[in-house]
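Remarks on the structure that follows.
The values are calculated or read from the model by the stated rules, or taken from the named source; none is laboratory data. Just so we're clear, the structure is a prediction, and the values are computed from it rather than from any experiment. Here the Cβ positions follow ideal geometry from the backbone for every residue, glycine too, while neighbour counts run over all protein chains shown. Please note that ligands, DNA and RNA were not included when accessible areas were found on the heavy atoms of the full protein model with its side chains. Shrake-Rupley method; radii C 1.70, N 1.55, O 1.52, S 1.80 Å.
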Amino acid sequence: MGHDNSQRPNLAVHFNGTTVAHVPLILIVEDEPDIADVLDSYLRRDGFQTQRASDGDRALQLHQQLKPDLVLLDIRLPALSGMEVLREIRKVGDTPIIMVTALADDMDKLVALHVGADDYVVKPFNPSEVVARVKAVLRRLHAVSRQTRPTRIGRIQIDHDAHLVSVIDDAGQEHPLTLTRTEFRLLAYMGRNPKRCFARQDLIHACLPESDALERVIDSHLSKLRHKLQQAGGGSLIESVRGVGYRLWPES
């Protein structure tokens, strides 16, 4: 059983080559005890704190109470399914989520990533690979948090430190957008080089490097992102380049 981390210590530790304020807490949501035991053991061996839930309702309770740094989430769960848990978590925040499931169908992957999962692991898996993916997702989060200067592209402002995108109106007022973590990563990555054309595979490697995401997953994420930007008054910022990929092209 994972440790009870309702009182999480603030520890100064060396993790992934970086000194961090606390040991990352991973919430393992898995109804098969043997699989949960293996994940728990491998994660704790690598220095993580862990907590476990065996059904969807308990997962949401612990997510609210403990504010974990990342959730490993099975799809087939008692009470609420993993997909329902994913949707509920995305309503309130952008905690990194890696789906862990026996469902290998491409459409299941597409739906999970479209809803807001950060990565997807199919059973049977190598637990060391799962730990590596957990570290990779947390590294990406830490790398984004190190950015200091907001990026302005047309009416859009990307604040890397705050993990926030805003639309600037004619009066100079900022209107924050609600984006998934993947949508933010894509916009922030493309925003560093406005007007450069990015191939879909470039975006997968840069924003979902540990994932086996298909190219149409990027299409889905960018379609939703484009719609959100347009609805908020950010204009047609994302352009499709036929046969190549996508670019940001600020309206003059």
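Things to note:
- Annotation: Tyr120 fulfils all but one of (1) modelled with pLDDT of 85 or more; (2) open to solvent by less than 30 Å² (accessible area, probe 1.4 Å); the unmet one is (1).
- The residue that is modelled with the highest pLDDT, among those in region 203-223 that are open to solvent by 60 Å² or more (accessible area, probe 1.4 Å), of a type in the set (D, E, K, R) and part of a helix (DSSP H, G or I), is Arg216.
- Taking the criterion of being of a type outside the set (D, E, K, R), outside any helix (DSSP H, G or I) and modelled with pLDDT under 85, the residues of region 187-202 that qualify are Asn193, Pro194.
- None of Leu86, Leu110 is under 17 Å from the mean Cα position of the chain (by Cα), open to solvent by 20 Å² or more (accessible area, probe 1.4 Å) and of a type outside the set (Lys, Arg) except Leu110.
- Taking the criterion of being in contact (Cβ under 8 Å) with a residue 40 or more places away in the chain, open to solvent by less than 30 Å² (accessible area, probe 1.4 Å) and either more than 17 Å from Lys224 (Cβ to Cβ) or in a helix (DSSP H, G or I) (or both), the residues of region 164-186 that qualify are Arg181, Thr182, Glu183, Phe184, Arg185.
- Candidate set: region 1-46, residues that are among the small types (Gly, Ala, Ser) and surrounded by fewer than 18 Cβ atoms within 10 Å (Cβ to Cβ); chosen: the one modelled with the highest pLDDT: Ser41
- No other residue among Gln49, Gln61 is surrounded by fewer than 17 Cβ atoms within 10 Å (Cβ to Cβ), modelled with pLDDT of 90 or more and either closer than 14 Å to Glu30 by Cβ or not charged (D, E, K, R) (or both) apart from Gln61.
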